[in-house]
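Computed from the coordinates by the stated procedures, all read-outs in this text should not be read as laboratory data. Quick caveat, the model's predicted, so the values are computed rather than measured. Note that we place each Cβ from the backbone using ideal geometry, even for glycine, and neighbour counts take in every protein chain shown.
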Amino acid sequence: MNNNLFLHNGFNKKQTPFYYYDVKCLIDTLTLMNQKLEPYPNFHVHYALKANANLRILSLINSYISGVDCVSGGEIRAAIEAGFDPSDIVFAGVGKADWEIKYALECGIYCFNVESEEELEVINSLAAQWNLVAKVALRINPDVGAHTNANIATGLAENKFGISMQHMDAVIDKAFILDHVKFIGLHFHIGSQILEMNDFVALCNRINELQDRLEAHHINIEYINVGGGLGIDYDDPLQHPFPDFESYFSTYNKFLKVHPYQTVHFELGRSIVGQCGDLISRVLYVKKGMNKQFAILDAGMTDLIRPALYHAHHYIENISSELPEELYDVVGPVCESSDVFGKDIRLNWVERGDFIAIESAGAYGESMASCYNCRPLPKSYLSCDFDNE
Ligand SMILES: *Cc1c(COP(=O)(O)O)cnc(C)c1O
């Protein structure tokens, strides 16, 4: 966001805090992604809905991406409501409840990403009740680390996700025995906010190994889902508003062995929506501490929990002021010491009532908001809502 945005007088009339989504940024990101995908006809992107489930954002995404990755029954419902076709939905998650599996079967989703042998049996028996055959991919834990926050790494043997490589053959054998599931492929997801392409290379190497192992047993899969995880630049979003889709897809093209009859699915969340959203808040108070000063916002961890949960860093700007900079600890009003957006943040001189923008908040922001302290959920606006103001 740049200071000019504040010239939207519209902000003044809104109750803060709220999410502000820049439609142009989102469309430019989606257009760039599709452009970088074009050379690879076997590659398909499914939007990872948990990153942002705002209905208006979803509908917009749906006009550029047909597939969607859901991790709950509620997300399947939201995807369908936003216009996604059930046959383009994949359903992942380590703990799918019976009602969620039934709902997904009823909707006719494309595929379940199955995370345990027990889940496979449950899907088989629920599908049998309606005499259906559910397509399944097995989520394999590839024991591949990622250079990211430990809380958002998912591909190590110690993580709860997926079926271990040792157990994989047995679960595939089981899938072939069961009548109401059809095994179509493998699914992986090593974590989020990954900027090192070498982490994805390590995943490709592991997938190639596993494929060779299957092919030695004359098992050919039609579907490889490599998950998501491509990161964005939280430090300098103004200079780097777009993720490096080109390196990402070309890395997979170079290192993943893909047969002509196979499709490769990517499940991108953060990289699609991360940079298009800002959390806009007003300063309630500027408080002098012993050796520091606090800018106390009306937005808190209930609106954007990433800093409190992952020690995540967001670029923060005072969009109301061009006065000289000072250092502030930028904090929320919630009764938790972890309700801090950033320490020693350089901001233009802050006064009560100034608008503070917390940038790169489009992913895992609004979708993770809570009502702790009986606070209302944050509202949201698209940039086009201000066009006539
Ligand atoms: C969260 C998640 C994603 C999306 O991750 P991003 O880092 O937002 O791209 C993809 N696949 C699965 C299975 C997930 O749980």
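What does the extension gain come out to for SER66 and GLU117, with contour length at 0.36 nm per residue minus their alpha carbon separation?
Details: separation 51, 0.36 × 51 = 18.36 nm, distance 2.97 nm.
Here the answer is 15.4 nm.
Setting aside same-chain residues fewer than 8 positions from LYS102, which lysines have a Cα under 17 Å from its Cα?
LYS135, LYS182
Any lysines with Cα under 27 Å of the LYS288 Cα? List them, leaving off those in the same chain fewer than 8 positions away.
LYS343
Before anything else, pin down the relative contact order of the range 101-246: Cα pairs under 8 Å, at least 6 apart, normalised by residue count, whole percent. Could the numbers behind the result be given before it?
Numbers: 223 pairs, mean separation 34.3, N = 146.
Dividing the mean separation by the residue count of the range 101-246 yields 23 percent.
With unit charges on the beta carbon (Lys/Arg positive, Asp/Glu negative), name the residue among TYR315, MET301, VAL331 whose Cα is farthest towards the positive pole of the charge dipole of the range 296-339.
MET301
Please give the charge dipole size of the chain, origin at the Cα centre, charges +1 on K and R Cβ atoms and -1 on D and E Cβ atoms. Round to the nearest 20 debye.
Details: 29 positive and 51 negative charges, 97 e Å.
My answer is approximately 460 debye.
How charged is the neighbourhood of HIS217? Take every other residue with its Cβ under 13 Å from the Cβ of HIS217, and add Lys/Arg as +1 and Asp/Glu as -1.
Cβ neighbours under 13 Å give a net charge of -3.
Excluding residues on the same chain fewer than 8 positions from LYS13, give the lysines whose Cα lies under 27 Å from its Cα.
Candidates past the 8-residue exclusion: LYS24, LYS287, LYS379.
Which far-off residues, 5 or more places away or on another chain, put their amide H under 5 Å from the one on HIS187, with H placed in the peptide plane?
So HIS187 has HN proximity to LEU138, ARG139, ILE140, ASN225.
Using amide H atoms built in the peptide plane, which far-off residues or other-chain residues are under 5 Å from VAL334 H to H?
MET301
What residues of the range 302-330 lie in the reach of a label at PHE386, counting those whose backbone N is under 18 Å from a point 7 Å from the Cα along Cα→Cβ?
Backbone N within reach: 315-322.
Tell me which cysteines of the chain come out unpaired when the rule is another cysteine's Cβ under 4.7 Å.
Among the cysteines of the chain, those whose Cβ sits 4.7 Å or more from every other are CYS70, CYS107, CYS111, CYS204, CYS335, CYS371, CYS374, CYS384.
Of PHE161, ASN348, GLY93, which is farthest towards the positive pole of the chain's charge dipole, taken about the Cα centre with +1 and -1 on the beta-carbons of Lys, Arg and Asp, Glu respectively?
Value computed over the given set: ASN348.
Taking H as built 1.01 Å from N, whose amide H comes closer than 5 Å to the amide H of VAL45, not counting residues under 5 places away?
Amide H neighbours of VAL45, under 5 Å, 5+ apart: PHE266.
What is the magnitude of the charge dipole of the range 160-313 about its Cα centre, with +1 placed on the Cβ of each Lys and Arg, -1 on the Cβ of each Asp and Glu, and no other charges, expressed in debye to the nearest 20? Could you put the intermediate results ahead of the total?
Numbers: 13 positive and 18 negative charges, 123 e Å.
Approximately 580 debye in magnitude.
Once both labels are modelled 7 Å past Cα along the beta-carbon direction, what's the CYS374-LEU214 spacing in nm?
5.3 nm
By how many degrees, 0 to 90 and rounded to 10, does the Cα axis of helix 98-107 deviate from the longest principal axis of the chain?
Computed tilt is about 80 degrees.
Looking at the range 287-389, which trypsin sites (Lys or Arg not before Pro) are DSSP coil and have at most 13 other C-beta atoms within 10 Å of their C-beta? Before the final figure, lay out each step's value.
Working: sites: LYS287, LYS288, LYS292, LYS343, ARG346, ARG352, LYS379; in loops: LYS292, ARG352.
When the trypsin sites (Lys or Arg not before Pro) of the range 287-389 are filtered for loop state and at most 13 Cβ neighbours within 10 Å, LYS292, ARG352 remain.
Considering only DSSP beta bridges with both partners in the chain, what is the antiparallel share in %, to the nearest 5?
40 percent
Could you give the length gained on full extension between LYS160 and VAL133, defined as 0.36 nm per residue of separation minus the Cα-Cα distance, in nm? Kindly include the intermediate steps, with their values, before the conclusion.
Working: separation 27, 0.36 × 27 = 9.72 nm, distance 2.70 nm.
In short, 7.0 nm is gained.
Once you list every other residue whose beta carbon is under 15 Å from the beta carbon of ALA157, what net charge do they have if Lys and Arg are +1 and Asp and Glu are -1?
Details: positive: ARG139, LYS160, ARG206; negative: GLU115, ASP143, GLU158.
Local net charge: 0.
So for the range 23-274, taking the charge dipole from beta-carbon charges (+1 Lys/Arg, -1 Asp/Glu), which of SER72, LEU186, LEU138 sits furthest toward the positive end?
SER72
Normalised by the number of residues in the chain, what is the relative contact order in percent for Cα pairs under 8 Å and 6+ residues apart? Mind showing how you got there, number by number?
Numbers: 829 pairs, mean separation 77.9, N = 389.
Computed value for the chain: 20 percent relative contact order.
Count charges around ALA361 for me, please; just the other residues with Cβ under 13 Å from its Cβ, Lys/Arg as +1, Asp/Glu as -1. Walk me through the numbers before you get to the answer.
Numbers: positive: ARG270, ARG306; negative: ASP22, ASP278, ASP303, GLU317, GLU359, GLU366.
Once all neighbours under 13 Å are counted, the net charge is -4.
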